[in-house]
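Read through the structure below, which is laid out as structure tokens, and then see the notes.
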Amino acid sequence: MEKLLEKIKDCTVCSAKLQFGPRPIVRASKTSKIVIIGQAPGSVVHKTGIPWDDKSGENLRKWMGISNHDFYNPQKVAIIPMGFCYPGKGKTGDLPPTKECAPLWHKHILDEIDSVSLVLLIGSYAQSYYLDKKAERTLTQTVKNYRNYLPNYMVLPHPSPRNNIWQSKNKWFAEEVLPVLKKRVKSIIK
């Protein structure tokens, strides 16, 4: 696993597409129990090199009911974004993750992990890639039907503060989905 992660950290496949250059952000261990597959690092994470080191990460850890210590322990949690590098800013926010990372690296990383108990698919990019035709027509419908993807996958919207409006329109998410997520995470991370 260490050799693979070093190879990924040296990757420059997408460098021509990246406004701020490559800085692959990924964490995993042979013993990771939970895998988080999100979109791509944001500008803060690009600067710090620490995955989910922003408001979105704070929200995600609250949703999971997990401490920073456990969240950042690769023996417990692997963090494998769809795009490993910050894609830069677009007109309405961050650009989409580059399309090269997931097909190039995900299978290799997941094959190295001995026993994954749960994969969090955060946002439509991860859900479309991993669920393919099993995903619902919209992210909201996919998340609302989260039970269809258990026990292997837990589908979530992005925890960005920008999604507070979505959460206020979809109260069922906090009432129904988050308690199930917290219970699963607690049973896995003992």
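The values are calculated or read from the model by the stated rules, or taken from the named source; none is laboratory data. Quick caveat: nothing in here was measured; it's all calculated off a predicted structure. Counting neighbours? That spans all protein chains shown, and the Cβs are built from the backbone with ideal geometry, glycine included. Note: accessible area is taken over every heavy atom of the protein model, side chains too, but ligands, DNA and RNA are not part of it. Shrake-Rupley method; radii C 1.70, N 1.55, O 1.52, S 1.80 Å.
Give the range 68-86 a look and list any residue that's β-branched (V, I, T) and within 15 Å of P103 (Cα to Cα), or say none.
Restricting attention to the range 68-86, the residues satisfying the condition of being β-branched (V, I, T) are 77, 79-80.
Result: I80, single match.
Taking into account only those residues within the range 1-38 that are open to solvent by less than 10 Å² (accessible area, probe 1.4 Å) and of a type outside the set (A, V, I, L, M, F, W, C), which is nearest to G93 (Cα to Cα)?
Within the range 1-38, the match that is nearest to G93 (Cα to Cα) is G38.
Would you be able to tell me the number of residues in the range 142-174 that are within 15 Å of W63 (Cβ to Cβ) and part of a loop (DSSP other than H, G, I, E, B)?
Within the range 142-174, residues that are within 15 Å of W63 (Cβ to Cβ) and part of a loop (DSSP other than H, G, I, E, B) number 6.
Restricted to the range 150-190, and to residues that are closer than 17 Å to L139 by Cβ and among the β-branched types (V, I, T), which residue is most open to solvent (accessible area, probe 1.4 Å)?
That would be I165.
Could you list all residues from the range 116-127 that are of a type in the set (A, V, I, L, M), over 13 Å from A40 (Cβ atoms) and either part of a loop (DSSP other than H, G, I, E, B) or open to solvent by less than 10 Å² (accessible area, probe 1.4 Å) (or both)? Give the steps one after another, and end with the answer.
If we filter the range 116-127 for residues that are of a type in the set (A, V, I, L, M), which is where we start, we get 116, 118-122, 126.
Remaining after also requiring over 13 Å from A40 (Cβ atoms): 116, 118-121.
V116, L118, L120, L121 - these are the residues of the range 116-127 that are of a type in the set (A, V, I, L, M), over 13 Å from A40 (Cβ atoms) and either part of a loop (DSSP other than H, G, I, E, B) or open to solvent by less than 10 Å² (accessible area, probe 1.4 Å) (or both).
Between a residue in the range 136-153 that is closer than 20 Å to G38 by Cβ and without any contact (Cβ under 8 Å) to a residue 24 or more places away in the chain and any residue that is open to solvent by 50 Å² or more (accessible area, probe 1.4 Å) and assigned to a helix (DSSP H, G or I), which pairs come within a Cβ distance under 6 Å, given they are 6 or more apart or on different chains?
The qualifying pairs are L139/S124.
Determine whether L104 is among the aliphatic types (A, V, I, L, M), under 16 Å from the mean Cα position of the chain (by Cα) and at pLDDT 95 or above. Lay out the reasoning, then the answer.
Details: among the aliphatic types (A, V, I, L, M): yes; under 16 Å from the mean Cα position of the chain (by Cα): no; at pLDDT 95 or above: yes.
Taking the combined requirement at face value, the residue does not satisfy it.
Do you know which residues across the range 43-80 are closer than 24 Å to T12 by Cβ and open to solvent by 10 Å² or more (accessible area, probe 1.4 Å)? Lay out the reasoning, then the answer.
Pass one, the range 43-80, residues closer than 24 Å to T12 by Cβ: 43-53, 74, 78-80.
Result: S43, V44, H46, K47, T48, G49, I50, W52, D53, P74.
Starting from residues that are touching a residue at least 24 places away in the same chain (Cβ under 8 Å), in a helix (DSSP H, G or I) and within 15 Å of Y130 (Cβ to Cβ), keep the ones in the range 81-115 and report whichever is most open to solvent (accessible area, probe 1.4 Å).
L110
I'm trying to understand the selection: among the residues of the range 118-134, which are farther than 20 Å from K169 by Cβ and free of Cβ contacts under 8 Å to residues at least 40 places away in the same chain?
Those that are farther than 20 Å from K169 by Cβ and free of Cβ contacts under 8 Å to residues at least 40 places away in the same chain: S128, L131, D132, K133, K134.
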